[in-house]
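Colleague: After the structure tokens below, expect a handful of questions from me.
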Amino acid sequence: MRLEYRHGELLRVTSRENDAIDNGWLCDRGRFNYKYLQNRERITRPLVKRDGAFVPVTWTEAFRVIAERFQAVAAAKGGEGFGVIGGGKLANEEAYLLSKFARLVLKTNNVDHRADGRIAASVGAYAGRQTDLSAADVILIVDADPAETAPVMDLRIRRKADRKEARIALIGSVMPHYRGRHARIQLKPGETAGVLRALAAAVGGGKPGASAADPEAVQQMAALLTGGKRVAVVWGGEGAAAGQALLELAGALKAAGRLVSVLVSGAQHNSRGAEAMGLLPGYLPGFAGVAEKRGREAVAQVWAAKQLPAETGLDTRGILQAAAEGRIEALLIAGANLMNTYPDRRLVQAALEKAFVVATDLFMNETVLLADVVLPAAALGEKSGSFTALDGTVQTFRVSKRPEGQAQPDGDILVGLAAAMGVKLSASPAQTAAEIARLVAKLEDGTVLKGAPVSLIQGAQEPEPAPAAAGQNALWLVPVDRLYAGGSTARFDSEFNHVQPRPAPC
């Protein structure tokens, strides 16, 4: 996208040509939700909470407070006393430095980017490109509503449906609407995995096992999936069991001679970049396994580190549970409003109220208000770097204006905090770029990052279900993502409110 300024004021956002990604389109959020960048409510100075109130301080003082507390936690508990969570506003380079900071400075693998409960942003060898949708004969949408989470990608699907160039199959609790008649299997939450496994069996020529769907509907959808040569799958990314079953279905389709690609339509921006940069408890940058000696030592060599922690860390839920129980004493949260995005809000609140919390962000959102130290982060347009599209394609961006007030890019914040703790994290952006090129890929326009290994999904576990209550299952409340909702930037943009759709008056 292009940010167009006049006399220092951002006037509009337009798209740049990149047909493989967006055909020159921007979604409504991308085109109209930009005035938050100049909102007077932006955090512009470091803040430290004293006697229950935030007090403005210098960067030096903020780093001193954090360093002293982090060093005390390290002395008492080592790396096990820390948890690190990054959000979708981080650029690839910032996500990389956050991963490096966790391992090199805090000595912990308790690091994750999955702030919304999803388990993966890509599906290993089946990771697809957006152009696969244009070439597909069949498009299967599983537990996803692309119109809400990936509107530009959704345009490709609608074009195929409108022109009757592909058959559309829908599985999930919420049924997105496409013109024409399409195969549909509507389910209650938690039933997706069984249906996908039944489909895999039917595609392989066997009898579909027991599932929540009618066996005849399963057979009909299996016939539809095998009726074309190219199958593109769009998955919402939620549910360990569903992800594992989707791998089985993709394998069955591949064994049947079909070309299969999978795109994950998640709500978190730059999830593909974050996972590739090592914001995962079991993987370092480039998906080197933390428990694999060869890969771990290769990363340690690039980082000039004697050794790195070798045990798989805690994921987002594990970090929050450990913090709520006092096993993790310090949390570093970069650009993630967990109180707004994570499914278990009570757990998030318990964790944030128990631990010492450092948060970087643009606004005083629900998560930041519970932090002990708040560091003002630079926004898009105030920093340079790159993001990764949901199909793994890298897109670079340049700084176009100075950050608001004393705000800094997250990468600079991490470098400064590391220095306060006696560690040289990076000498320059050029050094960071060179390290990423060695461990991951050269981050330039058009580079395609590889997908996460299938072991990321195969090893995922479902959270323990809540105890049953009287009358349970009588009604189902299904939470859904909404393009115009969210607490990250939309609510801090008063002008964006004018273009939001409103319910028709009764």
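None of the figures in this text is laboratory data; all of them are computed from the coordinates on show. A quick note: this is a predicted structure, and the numbers were derived from the prediction, not measured. No Cβ is skipped: glycine too gets one built from the backbone with ideal geometry, and neighbour counts run over all protein chains shown.
Colleague: Taking amide hydrogens as modeled 1.01 Å from N in the peptide plane, which residues meet the under 5 Å criterion relative to residue 173, leaving out close sequence neighbours?
Modeller: 143, 187
Colleague: Can you give the angle from 0 to 90° between the axis of helix 59-77 and the longest principal axis of the chain, with both taken from C-alpha atoms, to the nearest 10?
Modeller: That helix lies at roughly 70 degrees to the long axis.
Colleague: Can you quote the Å³ per residue value for the convex hull of the Cα atoms in the range 331-488, rounded to an integer?
Modeller: On the way: hull volume 30.4 nm³, N = 158.
Output value, Cα hull per residue: 192 Å³.
Colleague: Counting residues in the chain as N, plug N into 2.2 N^0.38 Å and put the Cα Rg over that result. All intermediate terms of the calculation are to be shown ahead of the outcome.
Modeller: Numbers: Rg = 22.8 Å, N = 506, 2.2 N^0.38 = 23.4 Å.
Cα Rg divided by the expected 2.2 N^0.38 Å: 0.97.
Colleague: Students often check this: by mean Cβ neighbours within 10 Å, which of 174-187, 371-384 ranks highest, and how do the rest follow? Let's see the in-between values first.
Modeller: On the way: 174-187: 15.1, 371-384: 22.6.
Ranking, from highest mean packing down: 371-384, 174-187.
Colleague: Report the calculated FRET efficiency for residue 159 and residue 428 (r = Cβ-Cβ distance, R0 = 41 Å), to the nearest 0.05.
Modeller: Values: r = 44 Å, r/R0 = 1.08.
Approximately 0.40, to the nearest 0.05.
Colleague: Give the Cα extents of the range 124-220 along the principal axes, in whole Å, largest first.
Modeller: Projected onto its principal axes, the Cα set of the range 124-220 covers 36, 28, 25 Å.
Colleague: Grab the DSSP H runs of the chain that are 4 residues or longer, score each as -39,500 (n - 2.57), total them, divide by all residues and round the 222 nm result to the nearest 500 deg cm²/dmol. Please list the in-between numbers first.
Modeller: Working: 18 runs with 162 residues, N = 506.
-9000 deg cm²/dmol, from helical runs alone.
Colleague: I would also like to ask the following. If you count the DSSP beta bridges with both ends in the chain, what percent of them are antiparallel, to the nearest 5?
Modeller: Values: 19 of 57 bridges.
Around 35 percent of the beta bridges assigned by DSSP in the chain are antiparallel ones.
Colleague: Amide H to amide H, which residues 5 or more places from residue 262 or on other chains are under 5 Å from it, using H placed in the peptide plane?
Modeller: Amide H to amide H, under 5 Å and 5 or more residues apart or across chains, residue 262 pairs with 127, 128, 233.
Colleague: Report ³J(HN,Hα) in whole Hz for each residue of the range 237-249, in order, from the Karplus equation J = 6.51 cos²θ - 1.76 cosθ + 1.60 where θ = phi - 60°; Gly and Pro get x.
Modeller: Working through the residues one at a time gives x, 9, x, 4, 5, 5, x, 5, 5, 5, 4, 4, 5 Hz.
Colleague: Enter the angle in degrees (range 0 to 90, nearest 10) between the Cα long axis of helix 429-439 and the first principal axis of the Cα atoms of the chain, meaning the one along which they spread out most.
Modeller: Orientation of helix 429-439: about 40 degrees from the principal axis.
Colleague: Do any of 383/450; 160/207; 49/107; 89/401; 77/424 go past 29 Å between their Cα atoms, and which?
Modeller: Values: 383/450 25 Å; 160/207 31 Å; 49/107 26 Å; 89/401 17 Å; 77/424 22 Å.
Listed pairs above 29 Å: 160/207.
Colleague: Relative to the first principal axis of the alpha-carbon coordinates of the chain, what is the inclination of helix 192-203, with its axis defined by its Cα atoms, in degrees from 0 to 90 and to the nearest 10?
Modeller: On a 0 to 90 degree scale, this one is about 40.
Colleague: Order these by the 10 Å Cβ neighbour count, fewest first: 347, 106.
Modeller: Working: 347 18, 106 25.
By the 10 Å Cβ count, ascending, the order reads 347, 106.
Colleague: Going by how many other Cβ atoms sit within 10 Å of their own, how do 160, 293 line up, fewest first? List each step's numbers first, then the result.
Modeller: Details: 160 22, 293 9.
The most exposed by this proxy come first: 293, 160.
Colleague: Continuing with the same structure: Only sites in a loop by DSSP and with at most 16 other Cβ atoms within 10 Å count here; which GluC sites (Glu not before Pro) in the range 118-201 make the cut? Mind dumping the intermediate values first?
Modeller: Values: sites: 148, 165, 191; in loops: 165, 191.
When the GluC sites (Glu not before Pro) of the range 118-201 are filtered for loop state and at most 16 Cβ neighbours within 10 Å, 165 remain.
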